[in-house]
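Colleague: This is the structure, below, for whatever I ask next.
The values are calculated or read from the model by the stated rules, or taken from the named source; none is laboratory data. Everything quoted here is computed from the prediction, not taken from an experiment. Every residue, glycine among them, receives a Cβ derived from its backbone with ideal geometry; neighbour counts consider all protein chains shown.
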Ligand code: KG4
Ligand code: ZN
């Protein structure tokens, strides 16, 4: 049986095709993605209306290409999985309406998937040796949360940001240092170019359960404005600032991950989301005593449709079939999945 997956929750338009065999194993046959980063760079952040308009024109193309790459046609499909939330409402609706139209015209079932569940299980898709239970740190431009992943649909929230996401903290700091949006990776690269920093930033909320980056953001912007003249003249000062900023964000993430390991006694963790590409974060996480850390492939850390296909296939196997009148859910905490929507 072939399953088509669609992802349009933010600024990536993605489609993937999976094959589900008789034993219920899913294999990704193809995946296509169209990123809107260049478009939103002009505005310094994602503009929801523009993102939705882009999805509208790009989605049919991504689906056609994914089907072609998989060597099948629409009539070969047996099911459609689509991201239902959380995300930008207008963007989610484009994917959901497209999926509904296709499901009706082909007479096949549709499954609405939680985007964060996609991120939580993506590490399993790329690391077959990873098994339940494991801790998962989802760290991206929109999300920063740690869950205990106990089984399909069984997610226990350990820690979540109460304000900004870590990726936003990277990007806003990068903006203050003069990098173009999104800027997190560029700031990290500059920070990595020096072995230490002459600057220091406060350790944030080490003893609280949730993440918070707003206090840190204020400290970072004060530090940057105090040293503006110096860093504009001297690349080494800019690199030193970037090193300190990266260190403080990574420390906030890793201290919570460490606490989660202590608290749950679970010895395997996964890190996913765009910020999982960060080398300092990877180094600090792998230094946690007794913990094995897994990552999805780079292209499955960021938003993608393969993870939606992977979850969709698992949910298809356990019999989930959604009504064609389901709505998009812009705010949909993944730990609520066990409850009825
Ligand atoms: O998952 P993702 O692609 O999408 C959104 O959540 O939108 O994550 C993007 C985020 C951005 O904030 C970007 O600056 C950050 O991930 N990012 C990084 C690195 N690579 C991407 N942050 C720090 N270090 C990196 N190497
Ligand atoms: Zn995401």
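Colleague: Given the options 321, 238, 262, name the one that is exposed (fewer than 14 other Cβ atoms within 10 Å of the Cβ) and either modelled with pLDDT under 95 or farther than 22 Å from residue 210 by Cα (or both).
Modeller: 321
Colleague: Quick check, is residue 138 within 16 Å of ligand 2 (Cβ to nearest atom) and in contact with a strand residue (DSSP E or B) (Cβ under 7 Å, 6 or more places away or on another chain)?
Modeller: Yes, satisfied.
Colleague: Now for a separate question. Applying the selection to the range 85-135, what residues are in contact with a strand residue (DSSP E or B) (Cβ under 7 Å, 6 or more places away or on another chain) and either assigned to a loop (DSSP other than H, G, I, E, B) or without any contact (Cβ under 8 Å) to a residue 60 or more places away in the chain (or both)?
Modeller: Listed by number, the residues that qualify are 106, 108, 109, 127, 130, 132, 133.
Colleague: Where residues in the range 153-194 are part of a loop (DSSP other than H, G, I, E, B) and within 18 Å of the chain's Cα centre (by Cα), which of them is farthest from ligand 1 (Cβ to nearest atom)?
Modeller: Top of the filtered list is 153.
Colleague: Further, regarding this structure: Mind checking whether some residue in the range 198-210 is assigned to a helix (DSSP H, G or I) and either away from ligand 2 (no atom under 16 Å from the Cβ) or surrounded by fewer than 12 Cβ atoms within 10 Å (Cβ to Cβ) (or both)?
Modeller: Scanning the range 198-210 turns up no residue that is assigned to a helix (DSSP H, G or I) and either away from ligand 2 (no atom under 16 Å from the Cβ) or surrounded by fewer than 12 Cβ atoms within 10 Å (Cβ to Cβ) (or both).
Colleague: Next question. Among the numbered conditions (1) surrounded by fewer than 24 Cβ atoms within 10 Å (Cβ to Cβ); (2) within 15 Å of ligand 1 (Cβ to nearest atom), tell me where residue 122 comes up short.
Modeller: (1)
Colleague: Residue under question is residue 62, and the condition is that it be out of contact with any helix residue (DSSP H, G or I) (no Cβ under 8 Å at 6 or more places or on another chain), surrounded by 15 or more Cβ atoms within 10 Å (Cβ to Cβ) and either modelled with pLDDT of 95 or more or not in a strand (DSSP E or B) (or both); does it hold? Break it down stepwise before answering.
Modeller: Numbers: out of contact with any helix residue (DSSP H, G or I) (no Cβ under 8 Å at 6 or more places or on another chain): yes; surrounded by 15 or more Cβ atoms within 10 Å (Cβ to Cβ): yes; either modelled with pLDDT of 95 or more or not in a strand (DSSP E or B) (or both): yes.
Spelling it out, residue 62 is indeed out of contact with any helix residue (DSSP H, G or I) (no Cβ under 8 Å at 6 or more places or on another chain), surrounded by 15 or more Cβ atoms within 10 Å (Cβ to Cβ) and either modelled with pLDDT of 95 or more or not in a strand (DSSP E or B) (or both).
Colleague: Identify, please: which residue in the range 269-293 is over 16 Å from residue 255 (Cβ atoms) and buried (at least 18 other Cβ atoms within 10 Å of the Cβ) and is, among those, farthest from ligand 1 (Cβ to nearest atom)?
Modeller: 270
Colleague: For the structure I just gave you, tell me whether residue 180 is surrounded by 23 or more Cβ atoms within 10 Å (Cβ to Cβ) and away from ligand 2 (no atom under 16 Å from the Cβ).
Modeller: Against the criterion (surrounded by 23 or more Cβ atoms within 10 Å (Cβ to Cβ) and away from ligand 2 (no atom under 16 Å from the Cβ)), residue 180 does not qualify.
Per-residue answers, yes or no, for (1) farther than 17 Å from residue 16 by Cβ; (2) within 16 Å of ligand 2 (Cβ to nearest atom); (3) under 19 Å from the mean Cα position of the chain (by Cα):
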position: 102; (1), (2), (3): no, no, no
position: 107; (1), (2), (3): yes, no, no
position: 114; (1), (2), (3): no, yes, yes
position: 117; (1), (2), (3): no, yes, yes
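Colleague: Kindly indicate whether any position in the range 140-152 is within 16 Å of ligand 1 (Cβ to nearest atom), out of contact with any helix residue (DSSP H, G or I) (no Cβ under 6 Å at 6 or more places or on another chain), at negative phi and part of a loop (DSSP other than H, G, I, E, B).
Modeller: Taking every residue of the range 140-152 in turn, at least one turns out to be within 16 Å of ligand 1 (Cβ to nearest atom), out of contact with any helix residue (DSSP H, G or I) (no Cβ under 6 Å at 6 or more places or on another chain), at negative phi and part of a loop (DSSP other than H, G, I, E, B).
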